[in-house]
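Participant: Dropping the structure in here first, questions after.
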Amino acid sequence: VQLQASRGGTVQAGGSLRLSCEVSRNILSFYVMGWHRQASGKQRELVAHITTGGSTYYADSVKGRFTISKDNAKNAVYLQMDSLKSEDTAVYYCRGVDRATEYWGQGTLVTVSS
């Protein structure tokens with residue numbers, strides 16, 4: 001199974017960026033898909049996830065600014081990031097969890113300049 005995240009980039013504080021994660025398998029086979037991030041010198045943390053049924057969860061730090069969504073037909077998961085802050089700078093990872101194990105995509109760097 002491959003999870004291919006889109007390229008991140010550099011954006012000014014207050015700006016927006018959308019990440020996508022294309023999955024090589026039917027995403028309905030995962031009971032949850034999510035985005036995690038790891039800032040330099042910090043532990044990897046959960047940013048948001050979405051369940052098979054469409055229920056979502058957001059970390060408090062991104063609530064109201066980030067939106068996770070998915071397109072079952074395209075086997076893709078998205079993370080719309082608005083009102084970006086410098087503290088959102090991190091490597092972002094796509095993750096899928098099925099009954100047996102978890103799968104990670106390659107990280108993509110998002111840099112927010114102030």
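The values are calculated or read from the model by the stated rules, or taken from the named source; none is laboratory data. This one's a predicted model, so the numbers in the text were calculated from it and none came from an experiment. Glycine gets a Cβ as well: all are built from the backbone with ideal geometry, and neighbour counts include every protein chain shown. Side chains are part of the model used for accessible areas, which takes the heavy atoms of the whole protein and leaves out ligands, DNA and RNA. Shrake-Rupley method; radii C 1.70, N 1.55, O 1.52, S 1.80 Å.
Participant: With a ≥ b ≥ c taken as the square roots of the eigenvalues of the C-alpha gyration tensor of the stretch 69-113, please select rounded if a/c is under 1.5 and otherwise prolate if a/b is larger than b/c or oblate if it is not? If you can, show how the numbers build up before the last one.
Facilitator: Values: a/c = 3.06, a/b = 1.70, b/c = 1.80.
Oblate shape, in that a/c is at least 1.5 and b/c is the bigger or equal ratio.
Participant: Pairs of alpha-carbon atoms within less than 8 angstrom and 6+ residues apart define the contacts here; what relative contact order does the chain have, in percent?
Facilitator: 37 percent
Participant: Carbon and sulfur: what percent of the chain's accessible surface (1.4 Å probe)?
Facilitator: Values: 2720 of 6140 Å².
With neighbouring chains kept in place, the figure for the chain is 44 percent.
Participant: Quick one: accessible area per residue over the chain, 1.4 Å probe, rounded to a whole number of Å²? List each step's numbers first, then the result.
Facilitator: Working: 6140 Å² over 114 residues.
In whole numbers, the chain has 54 Å² accessible per residue.
Participant: Taking the Cα centre of the chain as origin, work out the dipole magnitude from +1 charges on Lys and Arg Cβ and -1 charges on Asp and Glu Cβ, in debye rounded to 20.
Facilitator: Details: 13 positive and 9 negative charges, 15 e Å.
Value, rounded to 20: 80 debye.
Participant: How much accessible surface does Y31 have with a 1.4 Å probe, in Å² rounded to 10?
Facilitator: 130 Å²
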